[in-house]
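Chemist: One structure is given below, represented as structure tokens, and several questions about it will come after.
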Amino acid sequence: MDNSLEKTILRVTYLIMKIVYRVWFEKDDVAVFGKGVKTLLDLVDETGSLHRAAERLNMSYRAAWGRIRQYEKRLGITLIDKGRHGRTGAKITPEGRTVMKKFNAVEDALNKLIDSAEIKGLFESDSQG
């Protein structure tokens with residue numbers, strides 16, 4: 001293959017690639033908070049209901065409640081208040097809101113880093129030849 005064609009192919013390859021990552025918080029090597037539970041909590045916050053949040057995610061209420069309890073146990077905090085007997089809706093606790101804000105801050109910081117000229121420059125410098 002011609003050297004200039006090879007460099008062009010390499011340049012195009014770098015231009016169409018993107019950095020993909022997953023973030024979660026761990027405690028004692030066990031995941032305690034990640035995108036899935038964050039999405040569920042965002043929907044609880046939006047709808048005011050764990051049942052409606054679960055429906056939007058095509059989950060059963062039981063599965064959603066089980067996931068919330070699992071992460072509450074791992075974190076050692078309460079993420080949502082279900083209201084009286086679960087009949088008056090659900091809302092995010094102050095502790096749950098704090099974890100969500102920290103998770104958002106970490107994701108925002110990583111997104112800014114990935115979009116930075118420094119990171120983009122790594123791809124461009126490798127594609128120049």
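The values are calculated or read from the model by the stated rules, or taken from the named source; none is laboratory data. Please read these numbers as outputs of a predicted model, since none were measured by experiment. All Cβ positions, glycine included, derive from the backbone under ideal geometry; neighbour counts span all protein chains shown.
Chemist: Tally the residues that are β-branched (Val, Ile, Thr) and either at pLDDT below 95 or crowded, with 17+ Cβ neighbours inside 10 Å (or both), restricting the search to segment 48-104.
Modeler: The number of residues fulfilling the criteria is 5.
Chemist: Look through 68, 77 and report the one residue that is more than 17 Å from the chain's Cα centre (by Cα) and under 30 Å from residue 21 (Cβ atoms).
Modeler: Only one candidate qualifies: 77.
Chemist: Further, regarding this structure: Looking only at segment 33-85, how many residues end up being polar (S, T, N, Q) and assigned to a helix (DSSP H, G or I)?
Modeler: Of the residues in segment 33-85, the ones polar (S, T, N, Q) are 39, 47, 49, 58, 60, 70, 78.
Pick out the ones that are also assigned to a helix (DSSP H, G or I) and you get 39, 47, 70.
Adding up the residues that qualify gives 3.
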